[in-house]
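J.: Quick one: structure below, then a few questions.
The values are calculated or read from the model by the stated rules, or taken from the named source; none is laboratory data. Predicted, not measured: the structure shown is a model, and the values here were computed from it. No Cβ is skipped: glycine too gets one built from the backbone with ideal geometry, and neighbour counts run over all protein chains shown. Side chains are part of the model used for accessible areas, which takes the heavy atoms of the whole protein and leaves out ligands, DNA and RNA. Shrake-Rupley method; radii C 1.70, N 1.55, O 1.52, S 1.80 Å.
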Amino acid sequence: MNYTPEQKEKWDKALSYIQGAVDTFSYTMWFKPLKLYAISGQTMYILGANSFALQHLKTRYGSTLEQAMDKVFDIQYNLEYYGPEQISLIEEKLSAAQSTLNRKYTFDNFVVGDGNKFAYVAAAAVADAPSEAYNPLFIYGGVGLGKTHLLNAVGNYVLSRDPSKNVLLMTSEAMTNQLIEGISKKNTAELRARLRKADYLMVDDIQFLGKTKVSQEEFFNTFNDLRENHKQIIISSDRPPRELPEIEERLRSRFEWGLIVDVQKPDYETRVAILRQKAMDEGLYVPDDVMEYIAQNVNSNIRALEGSLASLQARSKLMGAPIDMDMTRSALSSLVTTREDRKIDCPLIINIVADKYGMEPADLTGKRRSQEIALARQVAMYICREMTDLSTTAIGKAFGRDHTTVLHGCEKIESGMEDYGFKKRVEEIMKAVRDD
Ligand code: ADP
Ligand code: MG
């Protein structure tokens with residue numbers, strides 16, 4: 001099987017969510033025949049009944065499906081659709097995805113800015129030579145900010161200098177899946193040997209190692225073994241080690257033995273530089289004002305920047321016209337409005353409020369009652385009520401509390417806002433939520 005039971009469960013959930021959102025005929029016609037074939041890395045391979053149906057589904061309902069998946073899965077998958085005659089093609093891609101590096105991602109085409117400088121320097125250093133002090137190198141940060149790119153860059157660089165080196169890059173999901181498969185076939189020795197032979201072991205998206213105890217155990221042993229033998233370990237994650245509650249303490253603390261670096265959202269200048277780099281990679285001519293417009297309007301992550309360029313490229317090809325501002329405005333109108341209408345939800349608000357108060361999101365949802373934390377928590381509740389359509393019960397849930405606590409918190413903030421300074425402060429945080 002090419003996915004975990006949890007993933008299948010989420011897939012089913014997404015489909016039943018769609019079932020509730022579209023009419024019965026469309027659901028039966030277009031969605032019901034779909035099968036989840038595999039999830040590998042950031043790609044979801046979806047099997048349909050035939051290529052005509054898939055074509056229609058993609059153009060008419062592609063975004064419905066994407067949105068449903070985004071709702072239930074923690075990562076944004078690229079959805080790829082295949083007909084039954086294309087299974088061998090999927091299989092080919094899957095085997096490639098499991099062990100080989102993506103040659104496209106190198107240090108040369110990684111644009112360095114303030115947000116990723118430290119991660120870049122550290123990755124380049126361990127690529128040069130494994131380092132005791134940087135072992136493991138732990139890179140964390142939001143989605144689409146270059147973690148996978150950096151891991152591949154290390155691998156490609158190492159192999160370019162010494163092709164005999166054993167470089168292994170896998171997602172923690174792939175590792176878990178292979179392990180589970182090994183266990184069911186009573187053959188875990190093979191995977192174990194493969195992991196221990198690595199000169200560089202890179203585990204992408206370690207946050208998914210969580211749920212299965214065996215994979216943590218296995219990784220723990222491999223980790224110790226490699227480290228003792230001075231082999232380099234690099235780990236990526238969407239958050240720092242201490243925020244990975246599903247990972248056992250002994251493993252988490254080992255992640256902190258080496259160097260922890262983060263990647264952050266690129267600033268405006270870096271966004272422009274990245275667009276330049278991508279346009280060059282694609283041999284695409286893009287005028288400066290277009291790059292600036294995109295950099296101003298698309299500021300969530302780098303994958304979104306790439307997506308904008310790709311949609312311009314497609315449009316320009318389709319219309320046989322060069323890329324200009326008019327084309328850009330209309331091509332990106334959906335993206336730009338998505339940004340404006342994008343979903344403001346409790347987790348987002350909790351993150352921003354925590355950040356503004358110099359706390360961790362977990363402080364706001366946790367049990368602690370110090371005055372400082374209680375205030376920040378109430379501000380967050382108030383903003384949730386003001387900026388989302390959620391009921392106080394739903395908001396309470398996000399904080400692990402009941403609706404009376406939310407009501408009480410909102411009242412406290414409302415009366416507190418009679419103070420001008422405090423009111424300004426709350427408004428400033430609300431602006432940060434809106435602009436995020
Ligand atoms: P993550 O693994 O952090 O989710 P990725 O490494 O997959 O993000 O990056 C998403 C896309 O953005 C990739 O196509 C990658 O090449 C590109 N990208 C990310 N950071 C940079 C950068 N600093 N310079 C150039 N391209 C980048
Ligand atoms: Mg990644």
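J.: Quick check: convex hull over the Cα atoms of the stretch 1-146, volume per residue in Å³, rounded to an integer?
T.: With only Cα atoms used, the stretch 1-146 gives 150 Å³ per residue.
J.: How far is it, in nm, from the label point at R103 to the one at N221 when both lie 7 Å from their Cα along the line to the Cβ?
T.: Computed distance between label sites R103 and N221 equals 3.7 nm.
J.: Would you kindly find the accessible area of T59, with a 1.4 Å probe and non-protein molecules such as ligands, DNA and RNA excluded, rounding to the nearest 10 Å²?
T.: 110
J.: Right, something else. Could you tell me which of the pairs K213/K367; K58/K104; K367/K431; K10/K32; K13/K35 are separated by over 24 angstrom between their Cα atoms in the structure shown?
T.: K213/K367; K58/K104; K367/K431
J.: Whole-Hz Karplus ³J(HN,Hα) for the stretch 239-249, in order, using 6.51 cos²θ - 1.76 cosθ + 1.60 and θ = phi - 60°, x for Gly and Pro?
T.: The phi angles translate into 7, x, x, 5, 9, 10, x, 7, 8, 4, 4 Hz.
J.: Under 17 Å from a label point 7 Å along Cα→Cβ of E132: give me every residue in the stretch 238-265 with its amide N that close.
T.: 257-259
J.: Counting each DSSP H run of 4 or more residues in the chain as -39500 (n - 2.57), what helix-only mean residue ellipticity at 222 nm follows after dividing by all residues, to the nearest 500 deg cm²/dmol?
T.: The helix contribution divided over the chain gives -18500 deg cm²/dmol.
J.: Next up: Please state the relative contact order of the stretch 18-153 as a whole percent: Cα pairs under 8 Å, 6+ residues apart?
T.: It rounds to 21 percent for the stretch 18-153.
J.: On to the next question. Show D204, D435 ordered by accessible area, largest first, where the area counts protein heavy atoms only and the probe is 1.4 Å.
T.: So the residues, ranked largest to smallest area, are D435, D204.
J.: Using square roots of five times the C-alpha gyration tensor eigenvalues, list the equivalent-ellipsoid semi-axes of the stretch 234-354 in whole Å, biggest first.
T.: Gyration-tensor ellipsoid for the stretch 234-354: 36, 18, 12 Å.
J.: Tell me, what is the FRET efficiency for M280 and K8 to the nearest 0.05, using R0 = 41 angstrom and their Cβ-Cβ distance as r?
T.: E between M280 and K8, to the nearest 0.05, is 0.50.
J.: Related question: I need the calculated FRET efficiency for the pair K35 and I183, taking r as the beta carbon distance and R₀ as 30 Å, to the nearest 0.05.
T.: With R0 = 30 Å, the Cβ-Cβ based efficiency is 0.75.
J.: Which order do M29, M325 take by accessible area at a 1.4 Å probe, largest first?
T.: My answer, sorted largest first, is M29, M325.
J.: Okay, next question. Mind grabbing the accessible area of D108 for me, 1.4 Å probe, Å², rounded to tens?
T.: 140
J.: What translational diffusion coefficient, in µm²/s and rounded to a whole number, does the Stokes-Einstein relation yield for the chain at 4 °C and a viscosity of 1.567 mPa s, taking the hydrodynamic radius as the Kirkwood radius over Cα pairs?
T.: 54
J.: Here's a follow-up. Any of K8/K71; K147/K278; K93/K197; K147/K197 with alpha carbons more than 19 Å apart? Name them for me.
T.: Beyond 19 Å between Cα atoms: K93/K197; K147/K197.
J.: Same structure, new question: To make sure I understand the rule: partners must be aspartates and glutamates, Cα under 20 Å from the Cα of K317, and not fewer than 8 residues away in the same chain. Which ones qualify?
T.: Reachable aspartates and glutamates: D281, E282, D288, D289, E306, D326.
J.: For the chain, with all protein chains present and a 1.4 Å probe, just round the carbon and sulfur fraction of the accessible area to a whole percent.
T.: 51
J.: For the stretch 343-368 and the stretch 256-299, write down the distance between their C-alpha centroids in whole Å.
T.: Spelled out, the Cα-based centre of one part sits 27 Å from the other.
J.: For K343, go through the aspartates and glutamates and keep the ones whose alpha-carbon is under 13 Å away, minus same-chain ones fewer than eight residues off.
T.: Within the straight-line limit of under 13 Å, K343 reaches these aspartates and glutamates: D70, D389, D435, D436.
J.: A further question follows. Per residue, how many Å² of accessible area does the chain show with a 1.4 Å probe?
T.: Value returned for the chain: 51 Å² of accessible area per residue.
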